[in-house]
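Have a look at the structure below, then the notes.
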Amino acid sequence: MEYRRLGKSGLQLSALSLGSWLTIGERNSDSIAEELMTVAYEKGINFFDSAESYANGKSEMVMGNILKKKQWQRDTYIVSSKAFFGSGGELPTQKGLHRKHLVEACNGALKRLQLDYLDLFFCHRPDKQTPIEETVWTMHNLIVQGKILYWGTSEWSAQEITEAHMVAQRYHLIGPVMEQPQYNMLVRHRVEVEYNQLYKTVGLGTTVWSPLASGVLSGKYNDGFPTDARLGGEGLDWLKERSFAEGNIPRAKKLATLSKELGMSMPVLALAWCLKNPNVSTVILGASKVEQLRENLKSIEAQTQLTAEVMEKIESVLDNKLKQPQF
Ligand code: NDP
């Protein structure tokens, strides 16, 4: 395994990490979840990603039971949670980034995960109803109280992240260290363009999600719709629609040809491509089967095969390279 610093912080995350959305606490049995976490840990993955909203809190409960059962030393792994969407309640007090919900979400996650502290705590989306000062003060205080170690954001704009840093500087508080954006061969703008200055100015770290675009970049939808695949899941029509956006399947088909030429599987190619970006601190894997996880782990070694020449070939297949703004 390779380890990378989380932005300018001293914390080192495994370059591949394991997520739990739609795979731990739902759609999979608890025994598969345990096998996934065990294989991940034994292969050097040190970061497990979760959120209050995943399976309405059940994901964290299952993860917490596994962590307790495995008895891995607490100083050998990193666990996150995220707050904003709530864990099932629909009342205004039960969601958002106001002080009440952030404190309750943190306490709730600690209870479900059966942990004394969270390593990473994310604001899962920006909250237009709460002043940024209130959110920054609350996250700072959770750090001071020892309940969380680092805080960050997920799908915030560069401007929103900058505002949080300005507030932190104004009041001498601890600002956000990391952002959790979507990043894959089909969704590139935030990580490659929008946050570009933030890597230099505030030393932003990134824990990127959906590296296989929910499975589209594994090639499994290239020849039709396999049964039991994620995008056929109940209640996931919105995700199917987004994942099958125009151009995605034709690109995936071209990538399939290229991956054959390179002698690596499509998921390994797509994951290694994400890893090649030095501003990515960790790529969060999603896996519904242990064999998928084992395959995906090969992407660490596959990075060496992605030479400048191969990266150029990939660019021409993707045909979606973004222009950096000229200052
Ligand atoms: P991916 O885009 O990698 O999708 C994972 C899915 O792709 C798997 O569940 C599986 O689906 C399929 N897959 C994975 N590997 C293979 C393989 N080798 N061969 C064939 N199919 C494969 O990642 P996720 O969308 O799961 O995101 C990863 C993590 O990121 C989440 O678990 C979560 O922790 C985090 N996340 C954060 C978000 C945020 O807003 N902050 C939003 C979304 C995710 P199947 O077999 O079921 O078809």
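The values are calculated or read from the model by the stated rules, or taken from the named source; none is laboratory data. Because the structure is predicted, anything quoted here is derived from the model rather than measured. For neighbour counting, all protein chains shown are included, and Cβ atoms are generated from backbone atoms with ideal geometry for every residue, glycine included. Areas reflect the complete protein model, heavy atoms only, side chains present, ligands, DNA and RNA absent. Shrake-Rupley method; radii C 1.70, N 1.55, O 1.52, S 1.80 Å.
Ligands, DNA and RNA left out, the 1.4 Å accessible surface of the chain is 52% carbon and sulfur atoms.
Computed 3J(HN,Hα) for segment 84-90, one whole-Hz value per residue from the Karplus formula 6.51 cos²θ - 1.76 cosθ + 1.60 where θ = phi - 60°, is 2, 6, x, 10, x, x, 10, glycine and proline marked x.
Taking amide H as placed 1.01 Å from N in the peptide plane, the amide H of LEU118 sits under 5 Å from that of ILE148, LEU149, each at least 5 places away or on another chain. Computed log10 I(q)/I(0) for the chain at 0.10, 0.14 Å⁻¹: -0.56, -1.14, from the Debye equation with unit scatterers placed on every C-alpha and solvent omitted. Extension gain for GLN71-LYS321 works out to 85.5 nm (0.36 nm per residue, less the C-alpha to C-alpha distance). Per residue, the solvent-accessible area of segment 157-233 (1.4 Å probe, heavy atoms of protein chains only, all protein chains present) comes to 39 Å².
Summary value for the chain: 18 percent relative contact order, contacts being C-alpha pairs under 8 angstrom separated by 6+ residues. In the chain, the DSSP beta bridges split such that about 15 percent are antiparallel, to the nearest 5. Using a simple spin-label model with pseudo-atoms 7 Å out from Cα toward Cβ, THR257 and LEU239 lie 3.1 nm apart. For the pair ASN222 and THR93, label points projected 7 Å from Cα toward Cβ lie 5.4 nm apart. Annotation: the antiparallel percentage among DSSP beta bridges lying fully within segment 83-231 is about 10. The gain in end-to-end length when the GLN159 to LYS298 segment is fully stretched comes to 46.4 nm, 0.36 nm per residue minus the alpha carbon separation.
Reducing segment 80-136 and segment 10-57 to their Cα centroids gives an inter-centroid distance of 19 Å.
Among the GluC sites (Glu not before Pro) in segment 208-306, those located in a DSSP loop and surrounded by at most 16 other Cβ atoms within 10 Å of their own Cβ are GLU234, GLU246. Net length available on complete extension from LYS289 to TYR3 is 100.6 nm, with 0.36 nm assigned per residue and the Cα-Cα distance removed. Between ALA109, ALA229, ALA168, the Gaussian network model of the chain with springs among Cα atoms under 10 angstrom shows the greatest mean-square fluctuation at ALA229.
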